[in-house]
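For reference, the structure discussed in these notes is given below.
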Amino acid sequence: MGRHSTVVRRTPVRTGWFIAAAGLVASVALALTTTGTMSAYTASISNTTNTANTVSIEMTQGPDASTVACRSTATGTTTCSTDLYAGTNLRPGDTTRGTSTVIKNTGGVAASAFSLAPGVCNGTVSTSNSICYWLLVTVTWTTPSGTTTVISKQNAGAIGGKSFAISPAPAAGQGGTATVTVSLDPAAPNDSQAQTMNQSLVWTFTA
């Protein structure tokens with residue numbers, strides 16, 4: 001027998017899709033590279049000096065328009081030792097005109113409200129014959145527009161812990177005169193004598 005040659009057929013390699021895939025990858029890479037280096041026009045404004053501040057409202061008190069005896073603090077409250085009742089050696093039916101005081105708004109804004117808040121009346125006697133129940137208090141407020149009555153002959157015990165509106169409230173740089181009058185009720189009993197009392201008066205501007 002003669003020798004026979006065996007021929008092995010090679011399967012053709014399909015390279016077309018490799019080439020297409022490679023081309024796609026290159027296109028994507030090129031697109032990404034191009035996008036990353038693109039620039040754009042912009043315009044901007046930076047506001048760097050934006051500020052805010054608070055206004056102050058301040059109260060002064062004194063015996064007249066040109067004298068300041070007490071001034072409110074930055075926290076809004078101060079203590080003033082001026083005795084506005086000045087009720088000395090009262091007998092039933094006696095009336096004492098207390099110390100008139102000029103209250104002025106020296107802050108930078110008009111007061112939207114003005115009020116008076118008497119504190120609790122503290123007397124040396126706490127029973128029904130206490131001077132707190134027989135001492136009558138009247139408060140008036142006088143401005144160029146006229147005089148208004150804030151409290152009218154109410155006993156010191158009754159007004160304690162209450163708040164009374166005062167009108168008109170002063171504009172910035174304006175004020176008025178508060179006058180306090182105290183009297184001892186003519187019906188005060190005999191055992192109300194030889195007593196003392198004290199009571200705070202708190203004046204407040206609201207802005």
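The values are calculated or read from the model by the stated rules, or taken from the named source; none is laboratory data. All values reported here derive from a predicted model rather than from experimental measurement. A quick note on method: Cβ atoms are made from the backbone with ideal geometry, for glycine too, and the neighbour counts reach across all protein chains shown.
Annotation: CYS121 fulfils all but one of (1) farther than 19 Å from LYS153 by Cβ; (2) touching a residue at least 24 places away in the same chain (Cβ under 8 Å); (3) touching a Cys at 6+ places or on another chain (Cβ under 6 Å); the unmet one is (1). Evaluate the following for VAL120: is it of a type in the set (A, V, I, L, M) and either part of a loop (DSSP other than H, G, I, E, B) or touching a helix residue (DSSP H, G or I) at 6+ places or on another chain (Cβ under 7 Å) (or both)? So VAL120 fits the description; yes.
Just so you know, in region 71-95 the residues that are surrounded by 15 or more Cβ atoms within 10 Å (Cβ to Cβ) and within 21 Å of SER115 (Cα to Cα) include one that is farthest from the chain's Cα centre (by Cα), and it is TYR85.
Taking first residues from region 47-59 that are free of Cβ contacts under 8 Å to residues at least 40 places away in the same chain and partners that are of a type in the set (Phe, Trp, Tyr), no Cβ contact under 8 Å between residues at least 6 apart in sequence or on separate chains turns up.
Being within 22 Å of PRO170 (Cβ to Cβ) and either part of a loop (DSSP other than H, G, I, E, B) or in contact with a Leu (Cβ under 8 Å, 6 or more places away or on another chain) (or both) holds for only one residue in THR54, THR60, THR88, THR49, and it is THR54. Determine whether region 105-116 contains at least one residue that is at pLDDT 95 or above, hydroxyl-bearing (Ser, Thr, Tyr) and surrounded by 14 or more Cβ atoms within 10 Å (Cβ to Cβ). For region 105-116, residues at pLDDT 95 or above, hydroxyl-bearing (Ser, Thr, Tyr) and surrounded by 14 or more Cβ atoms within 10 Å (Cβ to Cβ): present.
Among the conditions (1) without any contact (Cβ under 8 Å) to a residue 60 or more places away in the chain; (2) in contact with a Pro (Cβ under 9 Å, 6 or more places away or on another chain); (3) of a type in the set (Ser, Thr, Tyr), the only one that SER167 does not satisfy is (2).
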